Amino acid sequence: MISKDYFKSLGLAEILDKVTAAERLSLEDGRKLFECPDITAVGALASMVRHRLHGNRTFYVLNRHINYTNICINGCKFCAYARERGEEGSFILDREQMLEKLRNGPLTPREVHIVGGCHPDLPLSFFEDALGAIHNEFPDAVIKAFTAVEIAHFAKIEGISTLETLKRLKNSGLAMLPGGGAEIFAEETREKICPRKLDSKGWLRVHEEAHSLELSTNCTMLFGHIESIADRLDHLDRLRKQQDASGGFNCFIPLPFLTENSKLTINDPLTGIDELKAIAVSRLMLDNIPHIKAYWVMLSVKQAQTALHFGADDFDGTVVEEKIGHMAGAKSEQALTRGELEEMIKGCGFKPVERDARFNEIS
Ligand code: V47
Ligand code: SF4
């Protein structure tokens, strides 16, 4: 237990008081936390919040990722996954191929996570058809599909609004949106790393619309590239404000930038300590988002385990087949079994709890 005097010596006494009283932290508080030289003090504060919300429980889900295409018109600088149409290594999975992956996988997933690049001309009917078939054959699996960026792209191709696009996909079985595509909201930085992508306001608007249709969503932040600490805090603040307004974010996923095969060169790659601090500060700033995910694919399994002591409460899932992080150099496994997830969670002193995609506990 770290003493109050020690927090005081680090300039964090006021923040300790606010965290104890469950009061909202200011952006200035966030800056102090990022500047604090003692990561264990920041982690202890985040752990207080994590324990208040979830006790000793750490969640996991039996899920499966499906990436339906890597053909993408956006050309984000950091992305090692996307290819141009006709380029070697480009692919598209049709409805049957997606179904085959689900039929032949090692488990019956409770959550199917479907995302892909922004393909130049796949029509909305292609996705309605695929979701409808998956929903029909796997009615117990929650379909979490398409980032806000893809939703806005489908809407543009179809010449309809993003709200209408969401409604049509919901009618075909869409239950949740994943959190990808948020990257970093600060306009100047976003313009440098993903100039063609849906802008920040658009990303937040699509999530607001999803929330209005009672589709819950996740949110992310890509960090450790060229963004500043102020950019990170601004990002967390915009998410917190959106959550105050529309309330449908379930889980925040901090994504450390993986540098391999990326056109974005950076001077200061993240250390493990930087990653843990960003996770802890996210837990502390996002007082209105229930869950923080330690996404083992991007963090590595060992770092994800450590993150559970720095504010994270969800270990994500079995995943089965992941391409976005692995094409960018992720050294983590492709898949984990239920047994491995449970052992890893127990191994760091937490109680594993299986959840569904909406974080309902499965008994
Ligand atoms: O939007 C792309 C990121 C995201 C790299 O909602 C990279 O439950 C690191 O959003 N290094 C996709 N990150 C992944 C994602 C996600 C993952 C797991 C669960 C959920 C959820 C969402 O991956 C992209 C982008 O921000 N990304 N390239 C890279 N080189
Ligand atoms: Fe396309 Fe997504 Fe890669 Fe950007 S991050 S180039 S939108 S696949």
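The values are calculated or read from the model by the stated rules, or taken from the named source; none is laboratory data. The shown structure was predicted, so the numbers you read here are calculated from the model rather than taken from an experiment. Quick reminder, even Gly has a Cβ in these numbers, built from the backbone with ideal geometry, and neighbours come from all protein chains shown.
Listing for the model above:
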{"quantity": "Pair list, Cβ under 6 Å, 6 or more apart: region 259-271 residue closer than 9 Å to Phe78 by Cα, other residue assigned to a loop (DSSP other than H, G, I, E, B) and aliphatic (A, V, I, L, M)", "calculated": "Asn261/Ala80; Ser262/Ala80"}
{"quantity": "Asp287, sole failed condition from (1) more than 17 Å from Lys241 (Cα to Cα); (2) in a loop (DSSP other than H, G, I, E, B); (3) of a type outside the set (A, V, I, L, M, F, W, C)", "calculated": "(1)"}
{"quantity": "Within region 299-345, tally of residues that are within 16 Å of ligand 2 (Cβ to nearest atom), in contact (Cβ under 8 Å) with a residue 40 or more places away in the chain and not in a loop (DSSP other than H, G, I, E, B)", "calculated": "2"}
{"quantity": "Answer residue from region 120-152, given it is away from ligand 1 (no atom under 16 Å from the Cβ) and in a loop (DSSP other than H, G, I, E, B) and is nearest to Asn171 (Cα to Cα) among those", "calculated": "Pro139"}
{"quantity": "Check on Ala210, touching a strand residue (DSSP E or B) at 6+ places or on another chain (Cβ under 8 Å) and small (Gly, Ala, Ser)", "calculated": "yes"}
{"quantity": "Of all residues making up region 291-318, the number that are crowded, with 21+ Cβ neighbours inside 10 Å and either more than 12 Å from ligand 1 (Cβ to nearest atom) or of a type in the set (Val, Ile, Thr) (or both)", "calculated": "10"}
{"quantity": "Residue that is more than 22 Å from Arg232 (Cβ to Cβ), surrounded by fewer than 19 Cβ atoms within 10 Å (Cβ to Cβ), polar (S, T, N, Q) and more than 9 Å from ligand 1 (Cβ to nearest atom), where the choices are Asn360, Asn288, Asn261, Asn267", "calculated": "Asn360"}
{"quantity": "Helices (runs of 4 or more DSSP H) wholly inside region 157-220 that include at least 1 residues being among the small types (Gly, Ala, Ser) and at pLDDT 95 or above", "calculated": "200-212"}
{"quantity": "Test: residue in region 198-205 that is touching a residue at least 12 places away in the same chain (Cβ under 8 Å), farther than 24 Å from Gly75 by Cβ, among the polar types (S, T, N, Q) and more than 12 Å from ligand 1 (Cβ to nearest atom)", "calculated": "no"}
{"quantity": "Whichever residue in region 8-45 is hydroxyl-bearing (Ser, Thr, Tyr) and not in a loop (DSSP other than H, G, I, E, B) and, among such residues, is nearest to the chain's Cα centre (by Cα)", "calculated": "Thr40"}
{"quantity": "Which listed residue, of Gly247, Gly329, is surrounded by fewer than 21 Cβ atoms within 10 Å (Cβ to Cβ) and in contact with a Leu (Cβ under 6 Å, 6 or more places away or on another chain)", "calculated": "Gly329"}
{"quantity": "Meets criteria (at positive phi and either away from ligand 1 (no atom under 12 Å from the Cβ) or modelled with pLDDT under 95 (or both)) for Gly86", "calculated": "yes"}
{"quantity": "Options Glu191, Glu183; residue that is without any contact (Cβ under 8 Å) to a residue 24 or more places away in the chain and not aliphatic (A, V, I, L, M)", "calculated": "Glu191"}
{"quantity": "Considering residues of region 173-191 that are more than 13 Å from ligand 2 (Cβ to nearest atom) and of a type in the set (Asp, Glu) only, the residue farthest from Glu128 (Cα to Cα)", "calculated": "Glu188"}
{"quantity": "Residues that are more than 16 Å from ligand 2 (Cβ to nearest atom), part of a loop (DSSP other than H, G, I, E, B) and crowded, with 19+ Cβ neighbours inside 10 Å, drawn from region 88-119", "calculated": "Pro109, Arg110"}
{"quantity": "When residues of region 138-147 are limited to those that are of a type in the set (A, V, I, L, M, F, W, C) and touching a Ser or Thr at 6+ places or on another chain (Cβ under 8 Å), the one surrounded by the most Cβ atoms within 10 Å (Cβ to Cβ)", "calculated": "Ala141"}
{"quantity": "Pairs, first within 13 Å of His326 (Cα to Cα) in region 72-84, second among the charged types (D, E, K, R) and more than 6 Å from ligand 2 (Cβ to nearest atom), C-beta under 9 Å, six or more apart", "calculated": "Cys79/Lys263; Ala80/Glu260; Ala80/Lys263; Tyr81/Lys323"}
{"quantity": "Condition check for Val301: under 15 Å from the mean Cα position of the chain (by Cα) and under 24 Å from Tyr81 (Cβ atoms)", "calculated": "no"}
{"quantity": "Counted residues, region 46-87 - those being more than 9 Å from ligand 2 (Cβ to nearest atom), part of a loop (DSSP other than H, G, I, E, B) and surrounded by fewer than 16 Cβ atoms within 10 Å (Cβ to Cβ)", "calculated": "6"}
